[in-house]
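Just below is one structure, and these are the notes that go with it.
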Amino acid sequence: MTGIGDLHSPAAWFSLPLSPLPSGHHYSSDLRHMWMTRRVDNVQFLPFLTTDVNNLSWLSYGTLKGDGTLIVVNAVGAVLQTLYILVYLHYCPRKRAVLLQTATLLGVLLLGFGYFWLLVPNIEARLQQLGLFCSVFTISMYLSPLTDLAKVIQTKSTQRLSFSLTIATLLTSASWTLYGFQLRDPYIMVPNVPGILTSFIRLWLFWKYPQEQDRNYQLLQT
């Protein structure tokens, strides 16, 4: 069982500032867009909602494990994602659909918490099952953009990809993988490996289909 002292390890401090970055670039730009225009046009809501659920799940795992890094990082992440959701709800004209999505995921989250905390009395078994749930959820989030990568290959254009986001995801995934390896915790280490792999695939796509090439292609089409 690890404690707050984990924050003194190099891998812990490396993962701490990087952890919000996979969504940080889009978070700041989307939040600024909504604040300036008072509209939610072309702003996706579901990815931030699922990230919030992911942060809350890992926060529960960190609390049960007694891991200070997981607690601090995911508490900050949950606060940021919740702020985004509140701003989106404020400017969204169709609040019913957004509230329905939010209520559905929160209901699933509460059912999960009820199962883990009430129906699994053994703490070690609860920790393993909760860790497995968090791992599967994180892997699904890392693999969900694969459809975008397929479209990039099909269109031979990387306009839909963010280079800074790719670098941030690579650094974050690598830091959490190293942190999980340091703790010998497969539930932290394994789910971040797909983030490393998909980041390298994106970097290869940036090399194969540079954005300068995309601009020249667009000029030829005009």
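Worth pointing out:
- Checked against (1) surrounded by 18 or more Cβ atoms within 10 Å (Cβ to Cβ); (2) in a helix (DSSP H, G or I), Val40 meets all criteria but (2).
- The set of residues from segment 53-69 being in contact (Cβ under 8 Å) with a residue 40 or more places away in the chain, assigned to a helix (DSSP H, G or I) and over 14 Å from Phe137 (Cβ atoms) comprises Leu64, Lys65, Gly68, Thr69.
- Verdict on Thr69 being modelled with pLDDT of 80 or more and crowded, with 20+ Cβ neighbours inside 10 Å: yes
- Among the candidates Ser175, Ser135, residue that is modelled with pLDDT of 85 or more, under 27 Å from Thr82 (Cβ atoms), small (Gly, Ala, Ser) and in contact with a Ser or Thr (Cβ under 7 Å, 6 or more places away or on another chain): Ser175
- Cβ pairs under 9 Å, 6+ apart, first in segment 108-126 and at pLDDT 85 or above and of a type in the set (D, E, K, R), second loosely packed, with under 13 Cβ neighbours inside 10 Å and assigned to a helix (DSSP H, G or I): none
- So Phe45, is it among the hydrophobic types (A, V, I, L, M, F, W, C), in contact with a Phe, Trp or Tyr (Cβ under 9 Å, 6 or more places away or on another chain) and surrounded by 13 or more Cβ atoms within 10 Å (Cβ to Cβ): yes
The values are calculated or read from the model by the stated rules, or taken from the named source; none is laboratory data. Predicted model only: the values in this text are computed from it and were never measured. Note: ideal-geometry Cβ built from the backbone for every residue, glycine included; neighbour counts use all protein chains shown.
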